[in-house]
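The block underneath contains the structure these notes are about, expressed in structure tokens.
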Amino acid sequence: MKKTDGYEVGDVVVGAWGYDQTNIYFYKVMKRTEKTITIQRMTSVQTKLNEFMSAYVVPGELITDPEVYGFEITRRKLVRYGDDDAIHGCKFADSYGWISAWDGEPKYESWYA
């Protein structure tokens, strides 16, 4: 698989998952090989509160302290999904989802209770 824009060291990628809510996780690309990618979790920052229990978020700071909730560094396999490369199999709180290159736009996030 060839290297694709959005999956180079320093780039930000985003994952969305959830049932009855939308959880957004941002990661920074720390390492890239032909077939794998190493990503580290970032905080998210609310840019605009939306409706009840929802907001738009953008990436914040890299989470570097292993004692902080959300700290995660993980290596995942790159797979082809449609016309784009995608990072597959990233684990989100007992669920699985897809992660893709962040397009620079705030992402919709919602929460329940």
What are the ³J(HN,Hα) couplings of the stretch 36-50, residue after residue, when phi is run through the Karplus curve with 6.51, -1.76, 1.60 and θ = phi - 60°? Round to Hz, x for glycine and proline. 10, 9, 10, 10, 10, 5, 10, 6, 10, 10, 6, 9, 7, 6, 9
According to a simple spin-label model (label point 7 Å from Cα along Cα-to-Cβ), what is the distance in nm between Glu67 and Val79? 3.8 nm
Express in nm, to one decimal, how much length is gained between Glu8 and Trp111 on full extension, taking 0.36 nm for each residue of separation and deducting their alpha carbon distance. 34.0 nm
At a 10 Å Cβ-Cβ cut-off, how would you order Phe52, Phe26, Phe71, fewest neighbours first? Phe52, Phe71, Phe26
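Every number here is computed from the coordinates shown, using simple stated rules; none is lab data. Given the structure is predicted, the values throughout are model-derived calculations rather than measurements. As a convention, Cβ positions derive from the backbone with ideal geometry for all residues, glycine included, and neighbour counts pool all protein chains shown.
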